[in-house]
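I have placed the structure first, in the form of structure tokens, so that the comments after it can refer back to it.
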Amino acid sequence: MNIQWYPGHMAKAKRMLQESVQLTDVIIEMVDARAPLSTRNPDFDSLFAGKPRVIVLNKADLADPALTKQWISYYRSLGWDAISFSANAGKGVKEAVSLVERATKPAVDKMKSKGVHKTVRAMIVGIPNVGKSTFINRLRGVTVAKAGDKPGVTRGKQWIIVNPYLEFLDTPGMLWPKIEDQTSGLYLAFIGSVRDEAIGAEALSMHLLEYLRDNFPAAIETRLKFTPEKECSGEELLNLACRKRGWLLSGGRFDTERGAALVLDEFRSGKMGKITLQRPPLPEE
Ligand SMILES: Nc1nc2c(ncn2[C@@H]2O[C@H](COP(=O)(O)OP(=O)(O)OP(=O)(O)O)[C@@H](O)[C@H]2O)c(=O)[nH]1
Ligand SMILES: [Mg+2]
């Protein structure tokens, strides 16, 4: 599989993050609760070394709640402060503010001892499409940052004043140049953090159908109305999905373009259920 992950604006995004680090007191790393490990950018460890950093598992409404809890425990066991969030529903705003307050307490207390009420600056970072701008809008209570259901919506940085003592910097989503692990690459594409064109919507939907066949066959049964046999390839599964809908083109070919869009949308919108793609590693791993 040859996947072009790294659109031109990413290098610029990286430079921008590098320049902004000095201006911030805490880094909020947003990941997708459906793939909390694969959606972490490995470049961030060196980019943000020495800065307080916390993790927000967003899109919790689309993830398996039991596994989200396990992921939070996992990150906390590694010494990261972490919370889950659902930016669409706006659940967890108070917890998010507390998370930032906990991380910046030492700096705030230090200034307080000098008689200054410090304004905390938090930079929100993450790969594309995890919900950074939506999160900021939620915290602010009104739409101030542009958001959208495709990767690469935010291109520049934008400071947003949440209250007189708390400011957030929205940043463009950033991928890393080479995604070594094919499985992680597919997860990123399943959830829409990599443009569909990088793999091709039809090929991507076939991979997703194979993943669902092996891990969540009930999702196919319930939403696409057929039982996925183990020996069915992704292509056959996509054809079956089209056949069930009666999506045929002239010449008897299945309308796989339409089928692919359906499969990806059913999964991404949560209609197939709350599916978490990754489990936390066991302690010994
Ligand atoms: N279901 C669900 N959808 C969400 C949530 N948060 C954001 N979204 C949706 O995810 C899409 C991407 O949201 P954005 O806020 O634009 O994501 P971003 O991280 O700013 O993306 P870039 O600017 O492209 O890096 C939008 O369609 C949002 O409505 C959430 O918690 N749950
Ligand atoms: Mg954005």
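The values are calculated or read from the model by the stated rules, or taken from the named source; none is laboratory data. From a predicted model like this one, the values you see are computed outputs, not experimental measurements. Neighbour counts are summed over all protein chains in view; Cβ atoms, including those assigned to glycine, are modelled from backbone coordinates with ideal geometry. The protein model used for the area step is the full one, side chains on, heavy atoms only, and it has no ligands, DNA or RNA in it. Shrake-Rupley method; radii C 1.70, N 1.55, O 1.52, S 1.80 Å.
Considered as a group, the residues in region 71-82 that are over 17 Å from Ser38 (Cα atoms) and in contact with a strand residue (DSSP E or B) (Cβ under 7 Å, 6 or more places away or on another chain) include one that is least open to solvent (accessible area, probe 1.4 Å), and that residue is Asp81. All of Glu221, Glu180, Glu197, Glu202 fail the test of being among the charged types (D, E, K, R), part of a helix (DSSP H, G or I) and at pLDDT below 95, apart from Glu197. Considering only region 17-36, I want to know if a residue exists there that is open to solvent by 60 Å² or more (accessible area, probe 1.4 Å) and modelled with pLDDT of 95 or more. No: region 17-36 contains no residue that is open to solvent by 60 Å² or more (accessible area, probe 1.4 Å) and modelled with pLDDT of 95 or more. Quick one: in region 109-130, which of the residues that are within 10 Å of Asp25 (Cβ to Cβ) and touching a helix residue (DSSP H, G or I) at 6+ places or on another chain (Cβ under 8 Å) is surrounded by the fewest Cβ atoms within 10 Å (Cβ to Cβ)? The extreme case among them is Lys118.
Would you confirm whether any residue within region 102-115 is among the small types (Gly, Ala, Ser) and under 27 Å from Gly192 (Cα atoms)? Within region 102-115, not a single residue is among the small types (Gly, Ala, Ser) and under 27 Å from Gly192 (Cα atoms). I'd like the residue in region 131-170 that is within 11 Å of ligand 2 (Cβ to nearest atom), more than 14 Å from the chain's Cα centre (by Cα) and part of a helix (DSSP H, G or I) and, out of all such residues, is surrounded by the fewest Cβ atoms within 10 Å (Cβ to Cβ). The residue in question is Asn137. Being farther than 25 Å from Ile199 by Cβ and in a loop (DSSP other than H, G, I, E, B) is the requirement here; does Ala82 meet it? No.
Examine region 51-62 for a residue that is assigned to a loop (DSSP other than H, G, I, E, B) and away from ligand 1 (no atom under 14 Å from the Cβ), and state whether such a residue exists. Yes, region 51-62 contains at least one residue that is assigned to a loop (DSSP other than H, G, I, E, B) and away from ligand 1 (no atom under 14 Å from the Cβ). Pro106 meets each of the listed conditions (1) without any contact (Cβ under 8 Å) to a residue 12 or more places away in the chain; (2) within 12 Å of ligand 1 (Cβ to nearest atom); (3) surrounded by fewer than 12 Cβ atoms within 10 Å (Cβ to Cβ) apart from (2).
Here Val153 meets each of (1) over 17 Å from Ser38 (Cα atoms); (2) aliphatic (A, V, I, L, M); (3) away from ligand 1 (no atom under 16 Å from the Cβ) with one exception, condition (3).
Yes/no per residue for (1) open to solvent by 30 Å² or more (accessible area, probe 1.4 Å); (2) in the same structural domain as Pro42 (by TED's automatic domain parsing); (3) without any contact (Cβ under 8 Å) to a residue 60 or more places away in the chain:
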{"position": "Ser193", "(1), (2), (3)": "no, no, no"}
{"position": "Thr227", "(1), (2), (3)": "yes, no, yes"}
{"position": "Cys232", "(1), (2), (3)": "no, no, yes"}
{"position": "Gly251", "(1), (2), (3)": "yes, no, yes"}
